[in-house]
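Structure record follows, encoded as structure tokens.
The values are calculated or read from the model by the stated rules, or taken from the named source; none is laboratory data. The shown structure was predicted, so the numbers you read here are calculated from the model rather than taken from an experiment. All Cβ positions, glycine included, derive from the backbone under ideal geometry; neighbour counts span all protein chains shown.
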Amino acid sequence: MCGIVAYVGHREAYPLIIKGLKRLEYRGYDSAGVALLIGGELTIYKKKGKVADLEASLIDAHPTSTIGMGHTRWATHGEPNDRNAHPHYSHSGRLAIIHNGIIENYEAIKQKLQSKGYEFRSDTDSEVFVNFIEDIQKATASSLEEAVRLAMQEVVGAYAIVLMSAEPEDSGLLIAARKGSPLVIGVGEDEYFFASDATPIIEYTKEVIYLDDHQIAVVRAGELTVTNIDNVPQSPYIQTVELELEAIEKGGFEHFMLKEIFEQPRSVKDCMRGRVSADEGYLVLGGLRDYLDSIAKSKRIVIVACGTSWHAGLVAEYIFEELARIPVEVEYASEFRYRNPIIKEGDVVIAISQSGETMDTLAALELAKSKGAIILGVCNVVGSSIPRLTHAGAYTHAGPEIGVASTKAFTAQVTVLTLMAIAVARKKGILHEDTFRRLLFELERIPDKIEKVLKSAEKIKEMAWQFHEARNFLYLGRGSNFPVALEGALKLKEISYIHAEGYPAAEMKHGPIALIDQDMPVVFIATRDNSYEKIVSNIQEVKARKGKVIAVVTEGDKLIPTLADHVLEVPITHEILTPLLSVVPLQLLSYYIAVMRGCNVDQPRNLAKSVTVE
């Protein structure tokens, strides 16, 4: 959620910031703004809408400065409009702030400031934050850095902030701080970049610092210093970002989402690269090596996640219990911390998050860690918060995912979780050698089989036209294909705004069957498995009520094609690996329906890629 870009150095700041904000558009936002230091004064330009709207409004302005900051806002406090857009001035106009996150006690602070005569131009908690810093600076006669430090000790919530000052002694000064919301610093030659993630930075430098919670970074007179909230100097670790510019561009595809759907053969292969060899009969997850024995001995695994990652966790529940015979619970991270969960020392808690910054998931992990659990992470973004918090884990190595609706992140997460389950079962000594080899053999062939599914894209596109005006969809599946039904429904509602629900197929007759008529498309994930005959019966129940059946079936199926109105085939594979294939046609179906409805596929309304607020 929200995007931060800031720069100080020798380049023109405005075009660099605008380009950076465009790179962050995938995060989701409703307004954009830029602050520049021009002639010793802070000048702010901001506008509701897209970055392009802001840019168009300044086409004749030609702002010039070598220091500045920009922001894309996703509304939390106050509706999306020009005055609530960031950056925000302080009361005096001598300070400006950009802020990601939420200040939970802003109302109490605001009332105190109002009693001192402060007036507010917006409805945001962010404006309260900058005025609070200014008030502390006045009251204590301290430096701006010290005022930020004191404010951090008083505010409650999550934030990543960048501040600029118009005071002469602060010329060339940028101050940044974080607690619970990501912030990365790019280190160039006599220049520094601040951003929510590395995507706006890699064009200029690959040397980055990931700021930790309660740290403050100050660039003054071309030098960077980092301290913690207690003013203790820190020695930040500079690392090289393994990200190429081409990876965050569309590469000839109409949308990032379509590109990322078609990248899945490669992303799944990259998940396994160096970890799996069926021919040599080995599976190695280096990030789990020190904890594999403890995981194998655990009595319970709890998976915490949100959205698509939660669906990946549901798939993993079936796989872990089938192979490793360890009880698994899958929890919404957003509910986990608030229901006083029972976590015992030695329990294993696995957090799944594409960004590694999902606030609800981070909060759940902190709670589990405080109770003595072994906490593991499955994330895509190297250096993000969840990998730094966990004891161990595994990166998915799926590459950047720009489309807000996750596609390749899901298949990558399921792949890594499957590898983890196999490794734990192997460690326990309960996985037969023949089964182990067969699973590795089938896993190595999944990328080619996804490639084969993608060749049916045109057929799916033609089919999508018949359903793009539907108002409701029902998705049904059994076993590990039930989470795929949930994921298919989520994809459709996210990007096409069609109401869609996923259910276990057997639950249809316990309520949802009342919805079925000739206008209701029903998607069955009906691949060959041990519940095949049962799902055939479910299809017949829908057809008896004149529902329109779309069935995802195993290649060569002879029965279901005689019952369904439309059939989408996937290659045969091991039953527990089926979700890696059956989800792909559902992704394509959602994509083409959304395009035909004229929806913004990559940036669906109201959604954000990295959800960094609770």
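Observations
- Q354 falls short on exactly one of the conditions (1) over 30 Å from R178 (Cα atoms); (2) buried (at least 23 other Cβ atoms within 10 Å of the Cβ), and that condition is (1).
- Yes/no for F410 being touching a His at 6+ places or on another chain (Cβ under 8 Å), in the same structural domain as I303 (by TED's automatic domain parsing), in a helix (DSSP H, G or I) and among the hydrophobic types (A, V, I, L, M, F, W, C): yes
- A single entry from I201, I185, I161, I216 fulfils the requirement of being in contact (Cβ under 8 Å) with a residue 24 or more places away in the chain, touching a Pro at 6+ places or on another chain (Cβ under 9 Å) and surrounded by 17 or more Cβ atoms within 10 Å (Cβ to Cβ): I185.
- Some residue of region 409-419 being within 19 Å of G274 (Cβ to Cβ), surrounded by fewer than 23 Cβ atoms within 10 Å (Cβ to Cβ) and touching a Gly at 6+ places or on another chain (Cβ under 8 Å): no
- You will find that of K509, K493, the residue that is over 24 Å from S537 (Cβ atoms), in the same structural domain as V553 (by TED's automatic domain parsing), out of contact with any Phe, Trp or Tyr (no Cβ under 8 Å at 6 or more places or on another chain) and of a type in the set (D, E, K, R) is K493 and no other.
- Pairs where the first residue, in region 326-344, is in contact (Cβ under 8 Å) with a residue 60 or more places away in the chain and the second is of a type in the set (D, E) and crowded, with 19+ Cβ neighbours inside 10 Å, C-beta under 7 Å, 6+ apart: S334/D360
- Test result for Y45, surrounded by 19 or more Cβ atoms within 10 Å (Cβ to Cβ) and free of Cβ contacts under 8 Å to residues at least 24 places away in the same chain: yes
- Among the candidates E366, E345, residue that is more than 18 Å from G393 (Cβ to Cβ) and surrounded by fewer than 19 Cβ atoms within 10 Å (Cβ to Cβ): E345
- Counted residues, region 41-52 - those being assigned to a helix (DSSP H, G or I) and closer than 23 Å to E127 by Cα: 1
- Counted as qualifying within region 155-221 are the strands (runs of 3 or more DSSP E) with 2 or more residues that are in contact with an Asp or Glu (Cβ under 9 Å, 6 or more places away or on another chain), hydrophobic (A, V, I, L, M, F, W, C) and closer than 29 Å to I136 by Cβ, namely 157-165, 215-220.
- Residue within region 520-532 that is within 24 Å of A405 (Cβ to Cβ) and basic (K, R) present: no
- Restricting attention to region 543-590, the residues that are assigned to a helix (DSSP H, G or I) and touching a residue at least 40 places away in the same chain (Cβ under 8 Å) total 15.
- Check on T76, part of a loop (DSSP other than H, G, I, E, B), in contact with a Phe, Trp or Tyr (Cβ under 8 Å, 6 or more places away or on another chain) and of a type in the set (V, I, T): no
- Considering residues of region 1-40 that are in a helix (DSSP H, G or I) and free of Cβ contacts under 8 Å to residues at least 40 places away in the same chain only, the residue farthest from P400 (Cα to Cα): P15
- Here I261, I229 are screened, and the one residue that is among the aliphatic types (A, V, I, L, M) and touching a His at 6+ places or on another chain (Cβ under 7 Å) is I229.
- Only one of E331, E335 that is modelled with pLDDT under 95, within 26 Å of the chain's Cα centre (by Cα) and surrounded by fewer than 18 Cβ atoms within 10 Å (Cβ to Cβ): E335
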